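Comments concern the structure below.
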Amino acid sequence: ITSRAPGIWRYLELLPVDAPPARSLAVGSTPLIAADRLGPTLGVDRLWIKDDTRNPSLSFKDRPAAIAAARAVEFGLPALACASTGNLAGATAAAAAAVGLPAYVFIPADLETAKVEHALSYGATVVPIDGTYDDVNRLCLEIADETGWGFININLRPFYAEGSKTLAYEIAESLGWRSPDVVVAPIASGAMFTRVARGFEELADIGLIERRPIRFVGGQAAGCAPVATAFEAGTDVIEPVREPDTIVRSLAIGNPADGPYAVELARSTGGSIEAIADHVTAAAIRDVA
Ligand SMILES: *Cc1c(COP(=O)(O)O)cnc(C)c1O
């Protein structure tokens, strides 16, 4: 692996594609930064931050989008599409531009304009829908059936979700083929949170890292925290949030597909899932910056 070029395709054998795609963006191999001033202020001896803003469209969504786009090309699908809370819009538009497919991006109409313009700049057709992300998602299910387009996070979801495993592969590689004691990650649908865990499992299965316990701690915005609420209540039944109310738009999924698995992961590893108030998140953004 270390003799291969940087990027997610260096872990090809662990990903659900047959060969590295002929065209793709330079996704992955982002830095794992030692936050040795921030860590102690939080009471943490050793803290690393995986800076996935260094990806081509500025978020980790380039990882799942790259896998889904590669499969869409293998399947010969006519277009790439997605339902997005924000970052997937740009990632889908960029991935489609890279592989030469048209992109259709469906978003809640009140999404931040910067994210809309981001997707437009890659040449995507952006379709604002009057409703929440969950409304957009339901509509896209029907459109997927009618058009046969590859919806990155809907009918291509099994491939999309696997992309987040590369976060775990890279973290382990950066730590000298070891796993961390604790993983702290945000939860929207729960796909990333649960697939990072699977990534470490797979590395242990093939003997690249020693199998050690990892505590999984998830974060949601208090204004849309169905998974944190279920964790707190000691159940894995997710009560959907109908009207998300938070500045953390990219996590505002009221009815998260992988919610029950995220609760189970936090519980079985001795972790937790926290609901974070927006003013706390705003302060944390400044601390990290
Ligand atoms: C999409 C996203 C997540 C997590 O999404 P999942 O649906 O849980 O995989 C986390 N943070 C940001 C900024 C995102 O855009």
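All of the numbers you see were taken from the coordinates with simple rules; none came from a lab. Just so it is clear, the model here is predicted, and its values are computed rather than measured. When we count neighbours, we look across all protein chains shown, and the Cβ atoms used for this are built from the backbone with ideal geometry, even at glycine.
Show that you can apply the helix-only estimate: for the chain, add -39,500 (n - 2.57) for every DSSP H stretch of four or more residues, divide by all residues, and state [θ] at 222 nm to the nearest 500.
Theoretical 222 nm ellipticity from helices: -12000 deg cm²/dmol.
Are there any trypsin sites (Lys or Arg not before Pro) in segment 171-273 that are in a DSSP loop and have at most 12 other Cβ atoms within 10 Å? List them by number.
Taking segment 171-273 and a limit of 12 other Cβ atoms within 10 Å, the loop trypsin sites (Lys or Arg not before Pro) found are Arg211, Arg242.
Which trypsin sites (Lys or Arg not before Pro) does segment 32-94 hold that lie in a coil by DSSP with at most 15 other beta carbons within 10 Å?
Arg37, Arg46
Can you list residues whose amide H is under 5 Å from Val182's amide H, if they're 5+ apart or on another chain and H is modeled 1.01 Å from N?
Amide H neighbours of Val182: Arg215.
Using modelled amide H (1.01 Å from N, peptide plane; none on Pro or chain starts), what sits under 5 Å from the amide H of Val241, excluding residues fewer than 5 places away?
Counting only residues 5 or more places away or on other chains, the set is Asn255.
For a protection proxy built on the mean count of beta-carbon atoms within 10 angstrom, sort 151-159, 81-89 highest first, please.
81-89, 151-159
How large is the translational diffusion coefficient of segment 39-91 in µm² per second when you combine the Kirkwood radius over alpha carbon pairs with Stokes-Einstein at 20 °C and 1.002 mPa s?
D, rounded to a whole number, is 161 µm²/s.
Looking at the P(r) of segment 26-185, how many percent of alpha-carbon pairs lie beyond 19 Å?
Value for segment 26-185 (Cα pairs over 19 Å): 56 percent.
Taking a quarter of the surface of the Cα convex hull of segment 90-164, what do you get in nm²?
With the hull built on Cα positions only, its mean projection is 5.1 nm².
Can you check what the net charge comes to around Thr235, using other residues whose Cβ is under 13 Å from the Cβ of Thr235 (Lys, Arg +1; Asp, Glu -1)?
That works out to -3.
Which value, in Å to one decimal place, does the Kirkwood hydrodynamic radius take for segment 1-79 when every pair of different Cα atoms is included?
For segment 1-79, the Kirkwood estimate is 14.5 Å.
State the Cα centre-to-centre distance between segment 143-184 and segment 16-30 in whole Å.
Answer, in whole Å: 13.
Find the Cα radius of gyration of the chain, compare it with 2.2 N^0.38 Å by division, and give the number to two decimals.
Output field value: 0.96.
So which lysines can Lys165 reach, going by Cα to Cα under 21 Å and dropping same-chain residues fewer than 8 places off?
Correct list for Lys165: Lys50, Lys61.
In whole Å, largest first, what are the principal axis extents of the Cα atoms in segment 130-289?
Here the spans come out as 48, 40, 35 Å, largest first.
Once amide H atoms are built 1.01 Å from N in the peptide plane, which residues 5 or more positions from Val127, or in another chain, come under 5 Å H to H?
Excluding prolines and chain starts, which carry no amide H, the hits are Val105, Phe106, Ile107.
Rounded to the nearest Å, what's the spacing between the alpha carbon centres of segment 269-289 and segment 195-249? Just the number, please.
14
Beyond 13 Å, what share of the Cα-Cα pairs of segment 226-279 remains, rounded to the nearest whole percent?
Value for segment 226-279 (Cα pairs over 13 Å): 57 percent.
Within segment 185-276, report the GluC sites (Glu not before Pro) that DSSP leaves as loop and that have at most 10 other Cβ atoms within 10 Å.
Glu210
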